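Just below is one structure, and these are the notes that go with it.
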Ligand SMILES: [Zn+2]
């Protein structure tokens, strides 16, 4: 049944988002420009980004055979795989 599939996919997404947030917090956040922690220290999670700022490069660990795409939403760039992230 379609709603069961949707629910399962949503549960997987929630688990993945939690895991990424946990890892990002552990790394102290992402210092791309001026972000620092309350203590003034920089974060290091940006070193673990797979697709950020890589538009046109081959998609890592993927069989899409394509390139990372970039779109702009509300003035912010979003980078994604057109097959795995639709
Ligand atoms: Zn891909």
Worksheet item: For residues in segment 38-47 being part of a loop (DSSP other than H, G, I, E, B) and either surrounded by 10 or more Cβ atoms within 10 Å (Cβ to Cβ) or not assigned by TED's automatic domain parsing to the domain that holds residue 13 (or both), which is farthest from the ligand (Cβ to nearest atom)?
Response: 41
Worksheet item: If you check 77, 50, which single one turns out to be out of contact with any helix residue (DSSP H, G or I) (no Cβ under 9 Å at 6 or more places or on another chain), at pLDDT below 95 and away from the ligand (no atom under 16 Å from the Cβ)?
Response: 77
Fill in: Yes/no for residue 84 being away from the ligand (no atom under 11 Å from the Cβ), out of contact with any helix residue (DSSP H, G or I) (no Cβ under 6 Å at 6 or more places or on another chain) and either at pLDDT below 95 or in the same structural domain as residue 9 (by TED's automatic domain parsing) (or both)
no
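Residues checked against (1) assigned to a helix (DSSP H, G or I); (2) closer than 17 Å to residue 78 by Cβ:
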site: 13; (1), (2): yes, yes
site: 23; (1), (2): yes, no
site: 36; (1), (2): no, no
site: 54; (1), (2): no, yes
site: 65; (1), (2): no, no
Worksheet item: Give me the pairs: first residue in segment 47-76 and under 20 Å from residue 20 (Cα atoms), second residue in a loop (DSSP other than H, G, I, E, B) and more than 9 Å from the ligand (Cβ to nearest atom), beta-carbon distance under 6 Å, and six or more apart or on different chains, which are they?
Response: 60/50; 68/54; 68/55; 68/57
Discussion item. Looking at the structure I just gave you, is residue 79 within 20 Å of residue 31 (Cβ to Cβ), under 12 Å from the mean Cα position of the chain (by Cα) and not assigned by TED's automatic domain parsing to the domain that holds residue 27?
Written reply: yes
Item to complete: Return only the number of the condition from (1) within 17 Å of the chain's Cα centre (by Cα); (2) within 13 Å of the ligand (Cβ to nearest atom) that residue 66 does not satisfy.
Response: (1)
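The values are calculated or read from the model by the stated rules, or taken from the named source; none is laboratory data. Bear in mind that the values here come from a model prediction, so they are computed numbers and not experimental data. Backbone-built Cβ (ideal geometry, glycine too); neighbour counts: all protein chains shown.
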